[in-house]
Amino acid sequence: FEKTLSGAILKLGFEKTVIQILYPFLEKTGVLWQTGTINPAQEHFISNLIRQKLIIAIDGQIKSQSETSNSFVLYLPENELHELGLLFYSYLIRKNGHQVIYLGQSVPFEDLKEVLEVRHADFLFTSFIAAMAPEQLPSYIKKLSDTFAHKKILVTGHQIIREHLSFPKNVIHIPDTEHLKHFLASL
């Protein structure tokens, strides 16, 4: 796995490797896990290998931030543990010269509020993959929008796409990496 992944990164670059190889691989791994072909430990093992690669790539993005740099708080809602996509988005944001405050998995709403009381952030960014009941998603997004009305809130994830939600004015749907790249280029 390490040799194949390193070869792909050398040939395609990190971003294309994630988008063209790792994302499809993770989708297939998820299907194998759901059908019982692999067990959770195997899925966790490979996810953590990929997570390590993402963290190394993020640490490699040491661009100086200018006065026009924006700050982003990235987090996953309580009980949401699927962070690989959000880690990759953290990489892209840092690569574009912006500051990232990465809170990680399963962040309680009250803790998010406390962080934003002491740290400036222009944007919140979160992902909804599988942890929230579909009927709770609209009210959570409204609560985010109301609580942080003065901030732009970026949302992504399979649950957002599946539910076909309408969003408050300060909430922006980022359906995929290309949309995020265009968004970052527009800042």
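Report yes if some residue within the stretch 67-75 is farther than 29 Å from residue 124 by Cβ, surrounded by fewer than 17 Cβ atoms within 10 Å (Cβ to Cβ) and not hydrophobic (A, V, I, L, M, F, W, C); otherwise report no.
No.
Among the residues of the stretch 44-60, are any over 17 Å from the mean Cα position of the chain (by Cα), part of a loop (DSSP other than H, G, I, E, B) and at pLDDT below 95?
Checking the stretch 44-60: at least one residue is over 17 Å from the mean Cα position of the chain (by Cα), part of a loop (DSSP other than H, G, I, E, B) and at pLDDT below 95.
I'd like to verify a number: residues in the stretch 121-143 that are within 13 Å of residue 74 (Cα to Cα) and not charged (D, E, K, R), how many?
Going through the stretch 121-143 one residue at a time, the tally reaches 7.
Could you check the stretch 80-186 for helices (runs of 4 or more DSSP H) lying wholly inside it with 1 or more residues that are at pLDDT 95 or above and exposed (fewer than 15 other Cβ atoms within 10 Å of the Cβ)?
By residue number, 109-118, 137-147, 177-186.
Checking the structure you have, find out if any residue of the stretch 75-86 is out of contact with any Phe, Trp or Tyr (no Cβ under 6 Å at 6 or more places or on another chain), closer than 18 Å to residue 176 by Cβ and of a type in the set (Gly, Ala, Ser).
For the stretch 75-86, residues out of contact with any Phe, Trp or Tyr (no Cβ under 6 Å at 6 or more places or on another chain), closer than 18 Å to residue 176 by Cβ and of a type in the set (Gly, Ala, Ser): present.
Among the candidates 56, 19, single out the residue that is free of Cβ contacts under 8 Å to residues at least 24 places away in the same chain and open to solvent by 30 Å² or more (accessible area, probe 1.4 Å).
Among 56, 19, only 56 is free of Cβ contacts under 8 Å to residues at least 24 places away in the same chain and open to solvent by 30 Å² or more (accessible area, probe 1.4 Å).
Show the residue pairs that are 6+ apart or on different chains and have beta-carbon atoms under 7 Å apart, the first residue being within the stretch 2-16 and closer than 12 Å to residue 53 by Cβ and assigned to a helix (DSSP H, G or I), the second being of a type in the set (A, V, I, L, M, F, W, C) and open to solvent by 50 Å² or more (accessible area, probe 1.4 Å).
Listed by first residue and then by second, the contacts come to 8/21.
The values are calculated or read from the model by the stated rules, or taken from the named source; none is laboratory data. Please read all numbers here as calculations on a predicted model, not as lab measurements. Using ideal geometry, Cβ is built from the backbone for each residue, glycine included, and neighbour counts are taken over all protein chains shown. Accessible surface areas use protein heavy atoms only, side chains included; no ligands, DNA or RNA. Shrake-Rupley method; radii C 1.70, N 1.55, O 1.52, S 1.80 Å.
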